[in-house]
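Step one of this worksheet: look at the structure below.
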Amino acid sequence: MIEFKKTDYTNIADLMSVRLEMLRIVNDLSADYEFDESFINSSREYFLNGNQTSVIAKDEENVIGCASISYINIMPTFSHPTGKRAHLMNVYVNKSYRRQGIARKMILMLVEEARAKGCTEISLDATTDGYPLYKAIGFKENKEGMVLPL
């Protein structure tokens with residue numbers, strides 16, 4: 001059974017391992033590629049102290065997916081009266097677990113989190129593979145990528 005968790009300091013190692021797995025794959029790096037220590041430290045610091053929420057998916061002890069949302073504060077506008085927006089990124093599911101609704105579940109968890117924080121919009125940069133899922137969830141195309149008004 002797949003377990004979904006919001007991350008914190010207790011599961012930062014799980015989050016870091018699946019994110020580095022994702023970065024190796026999307027950047028066509030070898031499985032044994034070693035990331036620069038400052039990159040790893042900066043990423044860990046961001047996940048622990050940044051203005052974001054991340055979730056992981058686990059199958060027993062195996063971390064099989066992750067997704068993150070970063071929060072952005074801008075000057076309030078009529079269409080975004082709170083000035084709070086979010087950007088969805090790093091949506092990843094291990095290849096052997098795809099097409100089971102795992103990415104959808106993680107994204108919907110983050111959409112609800114953004115809504116609870118008063119965000120009025122979530123943006124993202126869609127890959128070709130991810131586009132149909134984002135569209136099915138309700139994201140719309142715009143000049144910069146895709147967006148989901150909340």
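Got at least one residue in the range 79-89 being of a type in the set (Ser, Thr, Tyr), surrounded by 11 or more Cβ atoms within 10 Å (Cβ to Cβ), modelled with pLDDT under 95 and touching a His at 6+ places or on another chain (Cβ under 8 Å)? No, the range 79-89 contains no residue that is of a type in the set (Ser, Thr, Tyr), surrounded by 11 or more Cβ atoms within 10 Å (Cβ to Cβ), modelled with pLDDT under 95 and touching a His at 6+ places or on another chain (Cβ under 8 Å).
The set of residues in the range 25-59 being open to solvent by less than 50 Å² (accessible area, probe 1.4 Å) and not aliphatic (A, V, I, L, M) consists of Phe35, Ser43, Phe47, Gly50, Gln52, Thr53, Ser54, Lys58, Asp59. Here the condition is being closer than 24 Å to Ala126 by Cβ and free of Cβ contacts under 8 Å to residues at least 24 places away in the same chain; of Leu20, Leu88, it holds for Leu20 alone.
Residues considered: Arg24, Arg44, Arg19. Of these, the only one that is farther than 22 Å from Lys95 by Cα and at pLDDT 90 or above is Arg44.
Does Ile107 satisfy the condition of being open to solvent by less than 40 Å² (accessible area, probe 1.4 Å), within 17 Å of Val147 (Cα to Cα), assigned to a strand (DSSP E or B) and without any contact (Cβ under 8 Å) to a residue 60 or more places away in the chain? Give the derivation first.
Working: open to solvent by less than 40 Å² (accessible area, probe 1.4 Å): yes; within 17 Å of Val147 (Cα to Cα): yes; assigned to a strand (DSSP E or B): no; without any contact (Cβ under 8 Å) to a residue 60 or more places away in the chain: yes.
Taking the combined requirement at face value, the residue does not satisfy it.
Taken over the range 134-143, the criterion of being assigned to a loop (DSSP other than H, G, I, E, B), modelled with pLDDT under 90 and surrounded by 10 or more Cβ atoms within 10 Å (Cβ to Cβ) is satisfied by Asn142 alone.
If you take the residues in the range 1-16 that are in contact with a strand residue (DSSP E or B) (Cβ under 6 Å, 6 or more places away or on another chain) and in a helix (DSSP H, G or I), which one is surrounded by the most Cβ atoms within 10 Å (Cβ to Cβ)? Break it down stepwise before answering.
The initial filter retains those residues of the range 1-16 that are in contact with a strand residue (DSSP E or B) (Cβ under 6 Å, 6 or more places away or on another chain), namely 2-7, 14-15.
Still in the running and in a helix (DSSP H, G or I): 14-15.
Values: Asp14: 17, Leu15: 23.
Out of the qualifying residues, it is Leu15.
Scanning the range 90-104 for residues that are open to solvent by less than 90 Å² (accessible area, probe 1.4 Å) and not in a strand (DSSP E or B) turns up Asn94, Ser96, Tyr97, Gly101, Ile102, Ala103. When the residues of the range 113-133 are filtered to those that are in contact with a Lys or Arg (Cβ under 9 Å, 6 or more places away or on another chain) and assigned to a helix (DSSP H, G or I), the one that is least open to solvent (accessible area, probe 1.4 Å) is Ala114.
The values are calculated or read from the model by the stated rules, or taken from the named source; none is laboratory data. Here the structure is a predicted model, which is why all the values come from computation and not from measurement. Note that each Cβ is placed from the backbone with ideal geometry, even for glycine, and that neighbours are counted across all protein chains shown. Surface areas here come from the heavy atoms of the whole protein model, side chains and all, with no ligands, DNA or RNA. Shrake-Rupley method; radii C 1.70, N 1.55, O 1.52, S 1.80 Å.
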